[in-house]
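Q: I have a structure here, written as structure tokens, and I will follow up with some questions on it.
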Amino acid sequence: MEIDVLTLFPEWFSWFAAQRPIANALAAGSALRAVSYRDYTPLAGGQVDDTPFGGGPGMVLRVDVVDAALRSLYGRDALELHGQRRIVALTPSGRLLDDALASELAGERAITLLSGRYEGFDERVIDHLATDAVSIGRYVLAGGELAAMVVCDAVMRKLPGALGDCRSAIEESFSPVLGGAPEYPHYTRPASYRGWSVPDVLVSGHHEQIRAWRAAQSAQRGSGGGPGGSLP
Ligand code: 6GU
């Protein structure tokens with residue numbers, strides 16, 4: 001899979017690309033490229049943003065700058081790209097990222113992530129240039145870069161070769177095999193520590209009982225019945 005990130009801080013992604021599971025996915029043939037809007041802006045002095053029409057605080061990333069960056073990167077009009085790659089604008093008002101969206105994006109051949117800064121994008125970027133708008137939660141970050149990394153991590157760990165054991169990405173929290181529920185709890189040695197013991201069933205060797213216990217734990221967490229549950 002090929003992921004391009006458009007950002008004002010491409011250098012942030014050098015560190016990111018060296019971390020697992022991203023590094024594994026790249027070694028297995030995926031590509032992650034981070035490019036700066038400033039390298040493609042048609043405006044003087046590397047300008048990429050402007051003051052909002054109607055007034056108000058902050059600066060807005062210009063639609064012509066994003067359009068020019070897409071045209072330079074791909075050698076064609078952004079609107080012609082829409083059938084070929086998902087162009088995802090990262091914005092707090094977008095569709096909430098969840099496991100289903102991560103799986104959907106992991107099934108794409110190529111995606112482009114647009115990171116905004118300042119007050120965000122000129123809305124025409126979202127309405128016309130992007131195919132998707134995605135948020136990673138109901139809070140505001142200073143920019144879309146960390147959100148782009150979150151999307152990359154959640155998507156790339158689903159690619160073949162990204163995780164040491166491919167089973168890890170199948171039976172995990174929020175996945176269809178767990179009915180969309182959080183994953184069951186994990187324990188490792190020591191079996192007892194400061195009097196805190198591992199559930200007996202896990203050290204029993206009864207695989208069928210272990211499977212049933214895990215399914216029950218996952219379902220309980222999913223229904224809000226346990227720590228971290230979603231119900232009051
Ligand atoms: Cl995608 N961008 C920004 N700036 N803030 C966010 C976000 C994205 N998702 C949640 N908060």
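The values are calculated or read from the model by the stated rules, or taken from the named source; none is laboratory data. The structure presented is a predicted model; accordingly, all values stated were derived computationally and were not measured. All Cβ positions, glycine included, derive from the backbone under ideal geometry; neighbour counts span all protein chains shown. The area values use the complete protein model at the heavy-atom level, side chains included, leaving out ligands, DNA and RNA. Shrake-Rupley method; radii C 1.70, N 1.55, O 1.52, S 1.80 Å.
Q: Read through the list (1) open to solvent by 10 Å² or more (accessible area, probe 1.4 Å); (2) near the ligand (Cβ under 9 Å from one of its atoms), then give the number of the only condition that Glu119 fails.
A: Here Glu119 clears every test but (2).
Q: Now for a separate question. When you scan the stretch 2-30, how many residues do you find that are open to solvent by 60 Å² or more (accessible area, probe 1.4 Å) and assigned to a loop (DSSP other than H, G, I, E, B)?
A: 7
Q: Suppose the filter is touching a helix residue (DSSP H, G or I) at 6+ places or on another chain (Cβ under 9 Å) and modelled with pLDDT under 95; does Gly116 pass it?
A: Yes.
Q: Residues to consider are Gly75, Gly143; find the one that is within 23 Å of Gly46 (Cβ to Cβ) and at pLDDT below 95.
A: Only one candidate qualifies: Gly143.
Q: Just checking, which of Pro182, Pro190 is over 17 Å from the mean Cα position of the chain (by Cα), surrounded by fewer than 16 Cβ atoms within 10 Å (Cβ to Cβ) and away from the ligand (no atom under 16 Å from the Cβ)?
A: The match here is Pro190.
Q: Out of the residues in the stretch 69-113 that are open to solvent by less than 10 Å² (accessible area, probe 1.4 Å) and more than 19 Å from Leu129 (Cα to Cα), state the one that is nearest to the ligand (Cβ to nearest atom).
A: Leu101
Q: Out of the stretch 148-159, which residues are within 12 Å of the ligand (Cβ to nearest atom) and open to solvent by 10 Å² or more (accessible area, probe 1.4 Å)?
A: Listed by number, the residues that qualify are Met149, Val150.
Q: Six or more apart or on different chains, Cβ atoms under 6 Å: show the pairs whose first residue is in the stretch 122-139 and in the same structural domain as Leu79 (by TED's automatic domain parsing) and more than 6 Å from the ligand (Cβ to nearest atom) and whose second is of a type in the set (Gly, Ala, Ser) and in a helix (DSSP H, G or I).
A: That search, which allows pairs on different chains as well, returns Leu129/Ala78.
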